[in-house]
Amino acid sequence: MKIILLSLLIVDLAFSGSNLELRKLNKCYAILTGEKIKKNHTLVSKIKNKELTAKESCFNLIDSIDLGSNDNEKNKIISKINNFHLSWFEGLDYTRLPYLISRNVVDFSTPAYYLTKSFFDRNTPFESIFKRDQSYRAERKTFFERVLIEPFYRDKGNEIRYVFGRNAEFQAGEFNSAAKGKLVDIINENRNFGYEGNNVFSHQGGGILGDPTYLLQSIDSTQPIISNGTTKLHRKYVSSVFKDFMCRELPVIRREDVNSYREYDSEISFRQSSSCYQCHLTMDKFAYSMRNIQANRVRILTAENGDLPTIIKHEEKFPGTSNWEDAYRDEPFHNQEPMGALFMRSFDDNFSSLKVIDDIKGISELGDIISKLDDPYICAAKRYFNLMTGINIRLDDPSHYQYSNNEVEILSLIKKLGRELKRHQDLKILFKDIIESEYF
């Protein structure tokens, strides 16, 4: 919302009394940079000389930008687009990462990098945000040297090593911290910082869904839990996925959808009630596919003294299913094969039926399934449409929300833009399509 209001304010103040083309250019420039365009800018001259239209000028500006540029204006645009993408993740609470050690190791903007990389890199389709199996890290321009986190430091002549728990030593070499400063480029994450054979930066597949930073912030790393299939599951993570990538709040199914799935004799109360089960059927079945994932806090003794939250992937020792019975077997639930299911009503058929996709193994398969839905593409179109027009349309099952006639018309356009994004996989084309709409 702050991004939109700032952009619109700049548009109102700049070029008052000038022609419509200059005002359109300034609106585009404000969205991309957060600043009003200078009157001596090359694009302003070209519009005044009728060499370019505002639309062509804006398109040229977008197409001229590649990651890795050292141009100040282009870096502003890269940072602005990345900050917009970071705003998608409203549920991320970075203050929960404890102590300075976390802020040095974990780059809080990592989830946004997947989207920003897709926007600026022609070879990175939008669907990759659900399919990558490697994280990204930033290259940033700063006046300061990067902080090096040493494998140990000396305190009064004594070596104090990184430790995991009370006994296990951290197996880490000299290590570059998360980059600080102005965003310049986005590259593959290749840092290795770990303990007992585990790398803090290990990716779980499924693009952003399995990125360690996203996992740490969307499951509770302050009170780590081991999934047991009933009372302990990563429900917060599931809620975040629907909100962040599909612009949907739970429940995403209807009351009548749960009737044939209710467990009337279950010892778990929320599986008996249709109102509770309307959320829990989706949350719990989804979370079964990540039963082997756990957040953990590693106690680190350094000059900074603090805890570093990490992701643990438990060994799969036993077969698993997406059935509730798995929680009651003798084998530990978190050591079973992570099989889950997706229950939702989707834009795929305009919410006309319950979508059930069973036997989804792990986060990687979850990402692949989500990438094939219409919903994340329509959600992306809604977010870009909001950025560029100031119009915020709710995405919901029409049985849950009554749309006005005007909202129906705009929603129809957003669905069209989203389905076209699913086809062409290019966020820049989506950006341009919105510019060409009557609402820009």
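The values are calculated or read from the model by the stated rules, or taken from the named source; none is laboratory data. What you see is a predicted model, and the numbers here were worked out from it, not measured in a lab. Counting neighbours? That spans all protein chains shown, and the Cβs are built from the backbone with ideal geometry, glycine included.
Please determine, by comparing only the residues of region 216-273 that are of a type in the set (A, V, I, L, M) and not in a loop (DSSP other than H, G, I, E, B), which one is nearest to SER202 (Cα to Cα). Step through it out loud before you land on a result.
Initial filter on region 216-273 (of a type in the set (A, V, I, L, M)): 216, 219, 225-226, 233, 238, 241, 246, 250, 252-253, 258, 268.
Next cut, not in a loop (DSSP other than H, G, I, E, B) only: 216, 238, 241, 246, 258.
Details: LEU216: 12, VAL238: 20, VAL241: 20, MET246: 25, VAL258: 37 Å.
Per the criteria, the residue is LEU216.
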Within region 203-258, residues surrounded by fewer than 23 Cβ atoms within 10 Å (Cβ to Cβ) and among the basic types (Lys, Arg) come out as LYS232, ARG235, LYS236, LYS243, ARG254, ARG255
Residues within region 345-354 that are out of contact with any helix residue (DSSP H, G or I) (no Cβ under 6 Å at 6 or more places or on another chain) and buried (at least 19 other Cβ atoms within 10 Å of the Cβ), tallied: 2
So which residues in region 93-122 are out of contact with any strand residue (DSSP E or B) (no Cβ under 6 Å at 6 or more places or on another chain), surrounded by fewer than 21 Cβ atoms within 10 Å (Cβ to Cβ), modelled with pLDDT under 95 and assigned to a loop (DSSP other than H, G, I, E, B)? ASP93, PHE108, ARG122
Being crowded, with 16+ Cβ neighbours inside 10 Å, more than 30 Å from THR53 (Cα to Cα) and out of contact with any strand residue (DSSP E or B) (no Cβ under 8 Å at 6 or more places or on another chain), is that true of even one residue in region 412-433? no
Residue check, GLU196 against (1) closer than 30 Å to ASP71 by Cα; (2) at pLDDT below 65, all met but one. Which one? (1)
Do the conditions hold for LEU411, that is, is it touching a Ser or Thr at 6+ places or on another chain (Cβ under 7 Å) and either assigned to a helix (DSSP H, G or I) or closer than 29 Å to SER289 by Cα (or both)? no
Given the criteria surrounded by fewer than 21 Cβ atoms within 10 Å (Cβ to Cβ), more than 24 Å from GLU256 (Cβ to Cβ) and of a type in the set (Gly, Ala, Ser), does SER404 qualify? yes
Residue pairs qualifying under the 6 Å Cβ cut-off, at least six apart or on distinct chains, with the first in region 198-215 being without any contact (Cβ under 8 Å) to a residue 24 or more places away in the chain and the second being in a loop (DSSP other than H, G, I, E, B), are ASN199/ASN192
Specify the residue that is farthest from MET283 (Cα to Cα); the eligible residues are those in region 298-353 that are aliphatic (A, V, I, L, M) and at pLDDT 95 or above. MET339
Could you please find all residues in region 423-440 being under 21 Å from the mean Cα position of the chain (by Cα) and either in contact (Cβ under 8 Å) with a residue 60 or more places away in the chain or assigned by TED's automatic domain parsing to the domain that holds ASP349 (or both)? GLN425, ASP426, LEU427, LYS428, PHE431
For region 357-379: of the residues being surrounded by 15 or more Cβ atoms within 10 Å (Cβ to Cβ) and either assigned to a strand (DSSP E or B) or of a type in the set (D, E, K, R) (or both), which is farthest from the chain's Cα centre (by Cα)? ILE357
